Amino acid sequence: MIEMETDIPESSQSYILDENTSESSVNFVILDNHPQHECLNLELNRFVDVFGIYVVSHDSIPDEYILHTAKILAEYIDNDIDGVPDDMNVLTQLLERNYVMPVWTEILEEKTRENVRTYCEDDIGFAAVMYYERDKWPLNGMIYDGVWDNNLEEVWHTLSKGWYAAYPEYFGVGYYGSSSRSVLAHSMDLARGGRFKEIPDKYPDDAWYSYYDPTCSYECQQGEYFYWALMANIGALDPVYTDKCESSEDEWRICTQDELLKIDRSVYDLLNDERFKLPKNIPQGNYPSGESKSSNSVGDSDEVDSLINFEWMTDSVVTYEESAFINNLRVLEDKLDPEAYLDLVSSSWISDPIKDDEYMLLYYLHELWGIGLTSMVNQIIQMPFIQQSYEPHDALALRTLYRLNINFPVIYTDIIDSDWFQDGVNDDESILLQVLGTNSEPLNSEDLKYFVVNHEISTSNVNLPIGGLRSISFIQSGYSKKNLDVVDQVHEAVAEIESFMNIPFPKEEIIMLFANKDQVPDRINWIGINFGDHMVMLPTLAKGKDENTTVVHEVAHYYWNANNAPLWFREGMADFLATYVRDKLGRETFAERFAFSSGATSLEKGIQGCNSLGVKTIKKLVDLLNQDGYAIHSESKLFLCNYYLGEWLLTQIYDLLGPDDFADVIGALYSTDTLLDDNVIYEAFLGKTTDTNRTQFKELYESLYGEL
């Protein structure tokens, strides 16, 4: 790799300075000269600008190969194909270092490297290359051609440099220094069965990553590990597509995302942490071509307005969502039969103003088409849930079909053969499809197969004072008065929590599935979990007030979750809000929640249990989490201490500051995508203290949290 100065090329500055750009400027025009680096023009004469990163090549290489690499690069950077780079922090790091992606031959490589010496060498970053002569090039995409695409590896090796630089605490590489303690380094050490600076003569038998290349340093090993783990996570190694995983088992032995979850939980959690915007979908080389347009010409494309020309497309205003919608619509027009495309754009909701995530429905339609389900896509477009309206669960229903076809083909077949599917999926059944796509360690689609046939779905609305209308949907196998009571509790919880936060409820839809113990596998022993887009409750496992407390706790996670709060704070806050709501509704006071007499869920009993384990402060808990990692910590007896100690600290601050000041702090701390740290939380509460209670607050915080 050639490292370089940090001056940013002029052509790349717009991607850094205007990270809220509403449309993609990637038009895949092949240039004859690189606009900044003259030394590259000495031997190369083909250049494609992809969000400021150049694919560099030569006219001896067929254009379709150059463009295929460019489109793979674009799909990695903008993986949801909405026209905007997914992570500007990562892209900025790459642009600052002028990384390029070469497509060349070995002879061209030798000549080019001879001519980029001195300053130019120092100013350009080479991390990986594609060789026209020897690499595999499925130009129709890996899934369609059934052949592994070497671009998936080499392009990723270039882009991964951006994650290393943008988030060194998590993705830092190297054997020494702070990078050696990154989450990626820790995960790789687990995968290799130990921390090895040099390649061992033999890896431990239980290792699932064992790269024996003697020229590959510890840092190099991390890069290869990052690549393999990501490929498994996005499904690119699934044997249903190619034999890549089987042929690579001497180096890597995890083929699917499910296997990654079970075998390498540490890196699975890292790759699926929404803060880092890592790719989730397999790049196929299908990124739509587009031209950079002025804001009053978004509807001028012959491709799009040949069939539709709605007011929102010609109103001289271009939003992020409109641009993403049009980009995905272009892809579908290229793929669908004209009749099917006309049916799609004739859907009643398409002429309405664009909602935030409508483009995701279009995205999953072309993803389903891309894995060969062309007739299914044509059938789906005719269904009521597509034709009549758009709701967020509709796109997630299509995501379910995509995932099930790949990972759970038997359940996929059961669904598409069912009467309710063949009759045409309606809006409520679309909600069921979303939930059937649950894909996590605690619960997956196989666990929910009972509900493919046995389900009753109901939807009602609640009008919130701040957020306005929200829908609440619940799925059960049949009528249950007890479940209806829980739905009433959700109505109450949503309203009370929104009022406390004084921020509109984050979700338009609250979706719940109620399962009895005999309707799911025996291994499932929890009462409820919020999966982000829906909740699953097992009320038959609840005892007394546990059910109500769990419901409110999980509803609170729509505000406080892994994207915006440390573990102790998000779980403590969810438990605090559960107690707050019960107190407001006259079901249980804070004092009653604390007391031993409240039973197995007594906060006092929980705190004493943590103390007996040697954990008396949150700081001790945080240190153990950092030491062991989340995967080990979540399986330990200490995990519940995040709930108990977090709630107890927050309850004491609530009593000290008073309800209004406490709520003001919590509302001010809330952000949908910014992760709080412990110092920020402390300073926010401290800022609400007065001369009369500041000393008391500091003493309280130190006794329950520990030293910051």
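Worth pointing out:
- Residues that are at pLDDT below 85 and not hydroxyl-bearing (Ser, Thr, Tyr) were ranked within region 359-371; the one that is surrounded by the fewest Cβ atoms within 10 Å (Cβ to Cβ) is ILE371.
- Within region 406-429, tally of residues that are loosely packed, with under 12 Cβ neighbours inside 10 Å and of a type outside the set (S, T, N, Q): 5
- Consider region 613-660 and keep the residues that are touching a residue at least 60 places away in the same chain (Cβ under 8 Å) and either among the small types (Gly, Ala, Ser) or assigned by the TED database to the domain that holds ARG181 (or both). The one that is nearest to MET573 (Cα to Cα) is GLY646.
- Helices (runs of 4 or more DSSP H) enclosed by region 614-699 - at least 3 residues per element that are hydrophobic (A, V, I, L, M, F, W, C): 618-628, 641-657, 659-669, 678-686
Yes/no per residue for (1) closer than 21 Å to VAL267 by Cα; (2) modelled with pLDDT under 90:
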position	(1), (2)
VAL116	no, yes
ASP122	no, yes
PHE171	yes, no
LYS197	yes, yes
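- Unmet requirement for ASN426, which otherwise passes all of (1) modelled with pLDDT under 95; (2) not assigned by the TED database to the domain that holds TRP526: (1)
- Flag for ASP189 being surrounded by fewer than 20 Cβ atoms within 10 Å (Cβ to Cβ), in a helix (DSSP H, G or I) and at pLDDT 90 or above: yes
- Filtering region 658-680 to residues that are of a type in the set (Val, Ile, Thr) and modelled with pLDDT of 95 or more leaves VAL665, ILE666.
- Contact map, region 57-77: residues that are more than 11 Å from ASN151 (Cβ to Cβ) paired with residues that are assigned to a loop (DSSP other than H, G, I, E, B) and charged (D, E, K, R), Cβ distance under 9 Å, separation 6+ or inter-chain. Pairs shown: HIS58/GLU43; ASP59/ASP32; ILE77/ASP86; ILE77/ASP87.
- Total residues in region 391-437, condition touching a Ser or Thr at 6+ places or on another chain (Cβ under 8 Å) and assigned to a loop (DSSP other than H, G, I, E, B): 3
- Residue match in region 394-408 (condition: over 23 Å from PRO239 (Cβ atoms) and either hydroxyl-bearing (Ser, Thr, Tyr) or touching a Lys or Arg at 6+ places or on another chain (Cβ under 9 Å) (or both)): no
Per-residue answers, yes or no, for (1) modelled with pLDDT under 90; (2) of a type in the set (A, V, I, L, M); (3) within 32 Å of the chain's Cα centre (by Cα):
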position	(1), (2), (3)
ALA556	no, yes, yes
TYR559	no, no, yes
TRP568	no, no, yes
GLY572	no, no, yes
ARG587	yes, no, no
ARG593	yes, no, no
ALA600	yes, yes, no
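- Residue tally, condition loosely packed, with under 12 Cβ neighbours inside 10 Å and either small (Gly, Ala, Ser) or at pLDDT below 95 (or both), over region 681-704: 1
- Some residue of region 138-147 being surrounded by fewer than 19 Cβ atoms within 10 Å (Cβ to Cβ), within 29 Å of PHE196 (Cα to Cα) and of a type outside the set (A, V, I, L, M): no
- Residue that is surrounded by the most Cβ atoms within 10 Å (Cβ to Cβ), among those in region 90-116 that are assigned to a loop (DSSP other than H, G, I, E, B) and out of contact with any Leu (no Cβ under 8 Å at 6 or more places or on another chain): ASN98
Matching residues to (1) at pLDDT 90 or above; (2) assigned by the TED database to the domain that holds TYR268; (3) part of a loop (DSSP other than H, G, I, E, B); (4) not basic (Lys, Arg):
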| residue | (1), (2), (3), (4) |
| --- | --- |
| TYR119 | no, yes, no, yes |
| ARG134 | no, yes, yes, no |
| VAL155 | yes, yes, no, yes |
| GLN222 | yes, yes, no, yes |
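- Count of region 29-63 residues which are in a loop (DSSP other than H, G, I, E, B) and hydroxyl-bearing (Ser, Thr, Tyr): 1
- Residue match in region 459-473 (condition: assigned to a helix (DSSP H, G or I), at pLDDT 90 or above and surrounded by fewer than 21 Cβ atoms within 10 Å (Cβ to Cβ)): no
The values are calculated or read from the model by the stated rules, or taken from the named source; none is laboratory data. This structure is a prediction, so every number in the text was calculated from the model and none was measured. Cβ atoms come from the backbone with ideal geometry, glycine included; neighbour counts cover every protein chain shown.
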